[in-house]
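Colleague: Before I ask anything, here is the structure I am working with.
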Amino acid sequence: KAEYPDGIIEDLKTKCEVLSLKAGDIATELGNPKAMNVVLLGALVKAIGTLDHVDWDAQIEKNVKPKFVELNKKAFKAGYDL
């Protein structure tokens, strides 16, 4: 809930490529704002492009409580598809 410093996005854009997305809003639309980190993970995997060989669905199944698996798969895909 912390506020970003004024002008931080613009400053970062002068130094590197920036992808700005509303991961919290996406996760909330999927049913749980706590899935925001998985939305970000999906976007990061897509942006890096070298982690596509990992079976992310299997990793989610292995590391997430069963009742949250489907939500997290959807969150990952939403981030990846951005």
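The values are calculated or read from the model by the stated rules, or taken from the named source; none is laboratory data. Since the structure is predicted, the reported quantities are computational estimates derived from the model, not experimental observations. Positions of Cβ are generated from backbone atoms using ideal geometry, with glycine treated the same way; all protein chains shown enter the neighbour counts. The protein model used for the area step is the full one, side chains on, heavy atoms only, and it has no ligands, DNA or RNA in it. Shrake-Rupley method; radii C 1.70, N 1.55, O 1.52, S 1.80 Å.
Colleague: Find the residue count for region 62-82, including only residues that are open to solvent by 90 Å² or more (accessible area, probe 1.4 Å), touching a residue at least 12 places away in the same chain (Cβ under 8 Å) and farther than 16 Å from K22 by Cα.
Modeller: Number of matching residues: 0.
Colleague: If you scan region 1-51, which residues turn out to be more than 27 Å from K73 (Cβ to Cβ) and either among the aliphatic types (A, V, I, L, M) or open to solvent by less than 60 Å² (accessible area, probe 1.4 Å) (or both)?
Modeller: A2, G7, I8, I9, L12, listed by residue number.
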